[in-house]
1. Could you please give the count of residues in the range 251-277 that are in contact with a Ser or Thr (Cβ under 9 Å, 6 or more places away or on another chain) and part of a helix (DSSP H, G or I)?
2. Any chance the range 355-370 includes a residue that's over 23 Å from Tyr3 (Cβ atoms) and surrounded by 12 or more Cβ atoms within 10 Å (Cβ to Cβ)?
3. Given the conditions (1) hydrophobic (A, V, I, L, M, F, W, C); (2) farther than 24 Å from Val244 by Cα; (3) in contact with a strand residue (DSSP E or B) (Cβ under 6 Å, 6 or more places away or on another chain); (4) modelled with pLDDT under 90, which single one is not true for Val143?
4. I'm trying to understand the selection: among the residues of the range 378-414, which are modelled with pLDDT under 85 and surrounded by 10 or more Cβ atoms within 10 Å (Cβ to Cβ)?
5. When both residues are 6+ apart or on different chains and their Cβ atoms are under 8 Å apart, which pairs have a first residue that lies in the range 361-380 and is closer than 15 Å to Phe409 by Cα, and a second that is loosely packed, with under 13 Cβ neighbours inside 10 Å and of a type in the set (D, E, K, R)?
Amino acid sequence: STYEFQFSRGTVAQVKSAVGRKPTVPSWFSDMLPLSFDLAWEIGRFRQLMREKLSAKMSKPDILDFINQHLYVDENAAEAIYSYMKQQHDFALIPTNNEILIEHYMEDDMKFAVFHTLYGRRVNDCLSRAVAFAVSKIQKRDVEVGVSDNGFYIASKKNLPAARALSLLESKRLGELLNIAIDKTQVLIRRFRHCAGRALMILRNYKGHHKRVGKQQVSSMILMSAVKRISEDFPILKEARREVLEDLMDIKNAEMILEMIENKRIRVTSIDTQIPSPFAFNLVLMGHLDMVRMEDRLEFLRRMHNLVQAKISLDKGKQGSSSIDELAAKKLYEEVWKDISPPETDKEKERLIHQAWNLKRVPMFAKREIVRLIEGERTDIRKDFLKALTTYRKEIDKTWPQDLKDAVFAAVKEIEVE
């Protein structure tokens, strides 16, 4: 099942059912250190060198020799790097530390703008929040965001003015904008609790009694609301913001990137693609791959790779397996997505379960039994629940959704037959 986060109270997350929606939270990466800005910059320089050599149409053996001398890797790694770079170069354009590539791509009714900003996750966290905040102000609606070390994406059902939003950001006012953007986020609320604890505004122990983290968090939210009414520049609140922007994120290097864009030292290029480019693939699929069973991932990735190869060959005008037009390529891509989309029966089950949990004046135990029936269980169903269905049949007919009512009573008939 897919759920949409609403808010948190203490350490409890409040969610609502989001039937049919694809997840946007990527796999857990808390234990992974973010790519440092300096290392990311050097990787960007290496991309620039590879782009120059591929544009100059150097031979494959010469480029492999360069990779071996520059990176000190074995033959297999050099071959993989060459293939990866060559596919991106042939498909679209290799982004570098001196050129940001914005890739516009559409999936179903969602429009994606993928920013190839290889500056590390801490810098990309700043840039993504700032761009998403600017887009949300332009469109007057929220947008989805995904962040990684290699870049970030924003997604919306409306057309995304990605390049315009990036151009609106000013390096000198980035801190001011991000302070507004993170003001009501969970990351600031959690950081404020740590800062308030260090400042002894929230006591972890009082008269020999230890306060649970959940209680501390609730206290910090009340305290944070009171502090904001006193002053937006309250010292503990300012420290919490500083920790978020400077320790968790990297606002200084983000400001430097924006300044280089303003000074034309970094170019910004926008392209439209039918399917994600090789560099954008992992970023766009952060949430989607969690929906694929482990044994199916290799086959899924292989099919996507073949589709990218077909698109490259199509652009070059080659014949053979890739003699397809643009619409056919898009159709193939949609067929690939069907493999990781939940079947219609699963969507129907999720919808009925969502209706069951939202029933009013129905006891919690009865809701659990309804969900068990929808999921296909027919044994050990509580007798008092089955009796209540008969007793309150008239009220059920008036208040329950028709499809939920049909599904439940059909399941009850199956139990009676057995």
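1. Going through the range 251-277 one residue at a time, the tally reaches 9.
2. Taking every residue of the range 355-370 in turn, none turns out to be over 23 Å from Tyr3 (Cβ atoms) and surrounded by 12 or more Cβ atoms within 10 Å (Cβ to Cβ).
3. That leaves (2) as the condition not met.
4. Arg378 - this is the single residue of the range 378-414 that is modelled with pLDDT under 85 and surrounded by 10 or more Cβ atoms within 10 Å (Cβ to Cβ).
5. Close Cβ pairs satisfying both conditions: Arg378/Glu414; Arg378/Glu418.
Okay, residues lined up against (1) without any contact (Cβ under 8 Å) to a residue 40 or more places away in the chain; (2) crowded, with 20+ Cβ neighbours inside 10 Å; (3) closer than 14 Å to Ile154 by Cβ:
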position: Asn97; (1), (2), (3): no, yes, no
position: Met110; (1), (2), (3): no, no, yes
position: Val114; (1), (2), (3): no, yes, yes
position: Tyr119; (1), (2), (3): no, yes, no
position: Leu127; (1), (2), (3): no, yes, yes
position: Ala130; (1), (2), (3): no, yes, yes
position: Ser136; (1), (2), (3): yes, no, yes
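The values are calculated or read from the model by the stated rules, or taken from the named source; none is laboratory data. Bear in mind the structure is a predicted one, so any value in this text is a computation, not a measurement. Quick reminder, even Gly has a Cβ in these numbers, built from the backbone with ideal geometry, and neighbours come from all protein chains shown.
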